[in-house]
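Scroll down for the structure; my scribbles are underneath it.
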Amino acid sequence: IQLKPDEANGYWNKSLLKLLQGDYKEGWKLYEWRRQNKNMRGNYKIYDQPLWLGKESIVDKILLVEFEQGFGDMIQFCRYVPMLEKLGAKVILQIPKELTSLIKTMRSEFLIIEKDQSLPKFDFHIPIMSLPVVLGTTLENLAQVQYYLTAEPDLQKQWQERLGPKTRLRVGFCWSGRRDTWINQH
C-alpha cells in the first residue's frame, strides 16, 4: 500500500486481515476495494441506476441486491436483506438458480430473481458483500440472526432416509468452493 497506494489487492488483503482480527469497521470499509481487484472486477455489472452505499434514503425505493461472489457468501450475507426492508426498501435479491429453493425459505418480503433472468425496474443497486459496511456491522452489533434459512421438508426427508437413523454425531464439511472461480484455481 505504501509503494502502490492505488493497488487494490493490497487494500483487499488488508481488509481480510482486519476482518480476521475482528476489526469489522475498518475491515468492511477496506473490503470495498474488492471491486477494483483485477480478479473480481468482472463480478460487477454497470447499471444506469446508481450504486447505493447508504447515503440516500431507500424508503419506498426498489433496491437490487446483487449476487457477486460465491454460494457461501450469498447464504451467509442474505441475512442482511430483512434489515434493508426495515429501512423501508423494497428488495430484489439476485441469486444463482442453485440457491433458489434455499433462499425462498427466508421469512421476508423480498423478490427473488435468478442471476440470468431479466431484472424488473429498480432505483438503486448494491453488491451483497457491501451490506456489512453500509449497515455498519461491527463485532458489537453483529446481528445474531439464527435460523434465517431452513431446509425444504422434502429434502430433509430424503436425506434422513438416505442417512438412516441418527445414532451418533454427524458432521459435514466443505473443503473447496466452486472450481470455476479464480480463487479456487491456484
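On a 0 to 90 degree scale, rounded to 10, what angle separates helix 8-20 from the longest Cα axis of the chain?
Rounded to the nearest ten degrees, it is 50.
Can you list residues whose amide H is under 5 Å from ILE113's amide H, if they're 5+ apart or on another chain and H is modeled 1.01 Å from N?
Under 5 Å from the amide H of ILE113: LEU93, GLN94, ILE95.
List every residue whose amide H lies under 5 Å from the amide H of TYR47, counting only residues 5 or more places away in sequence or on a different chain, with H placed 1.01 Å from N in the peptide plane.
Amide H to amide H, under 5 Å and 5 or more residues apart or across chains, TYR47 pairs with nothing.
Can you sort TRP159, TRP28 by 1.4 Å-probe accessible area, starting with the largest? Don't skip to the answer; put the middle values down first.
Working: TRP159 130, TRP28 25 Å².
These residues rank, largest area first, as TRP159, TRP28.
If r is the Cβ-Cβ distance from ASP116 to LEU169 and R0 is 35 Å, what FRET efficiency results, to the nearest 0.05?
On the way: r = 39 Å, r/R0 = 1.12.
The value I calculate is 0.35.
In nm, what is the difference between 0.36 nm times the number of residues separating LEU20 and LEU155 and their Cα-Cα distance?
Here the segment from LEU20 to LEU155 would lengthen by 45.2 nm.
What does the charge count around LEU135 come to, taking other residues whose C-beta lies under 15 Å from its C-beta (Lys +1, Arg +1, Asp -1, Glu -1)? Write down the numbers at each step before the final one.
On the way: positive: LYS25, LYS29, LYS55, ARG79, LYS86; negative: GLU32, GLU56, GLU85, GLU140.
That sum, taken over residues with Cβ under 15 Å, equals +1.
I'd like the trypsin sites (Lys or Arg not before Pro) in the range 1-107 restricted to DSSP loop residues with at most 15 other Cβ atoms within 10 Å, sorted by number. Kindly include the intermediate steps, with their values, before the conclusion.
On the way: sites: LYS14, LYS18, LYS25, LYS29, ARG34, ARG35, LYS38, ARG41, LYS45, LYS55, LYS61, ARG79, LYS86, LYS90, LYS97, LYS104, ARG107; in loops: LYS38, LYS45, LYS55, LYS61, LYS104, ARG107.
Taking the range 1-107 and a limit of 15 other Cβ atoms within 10 Å, the loop trypsin sites (Lys or Arg not before Pro) found are LYS38, LYS45, LYS55, LYS104, ARG107.
For the chain, treating each Cα as an identical point scatterer without solvent, what Debye log10 I(q)/I(0) comes out at q = 0.17, 0.19 1/Å?
For the chain, the Cα-only Debye profile gives -1.27, -1.49.
With a 1.4 Å probe and all protein chains left in place, how much accessible area per residue does the range 1-150 have, in Å²?
Values: 8760 Å² over 150 residues.
Accessible area per residue, the range 1-150: 58 Å².
To the nearest 10 degrees, how steep is helix 153-163 against the longest Cα principal axis of the chain, on a 0 to 90 scale?
Roughly 60 degrees between the two axes.
If the chain between TYR147 and ARG107 were fully stretched, how many nm would it gain, using 0.36 nm times the residue separation less the Cα-Cα distance?
So the chain would gain 13.4 nm between TYR147 and ARG107.
The values are calculated or read from the model by the stated rules, or taken from the named source; none is laboratory data. Note that the structure is a prediction, hence the values are computed from the model and not measured. We place every Cβ from the backbone using ideal geometry, glycine too, and count neighbours over all the protein chains shown. Just so you know, the surface numbers come from the protein's heavy atoms only, side chains and all, with ligands and any DNA or RNA stripped out. Shrake-Rupley method; radii C 1.70, N 1.55, O 1.52, S 1.80 Å.
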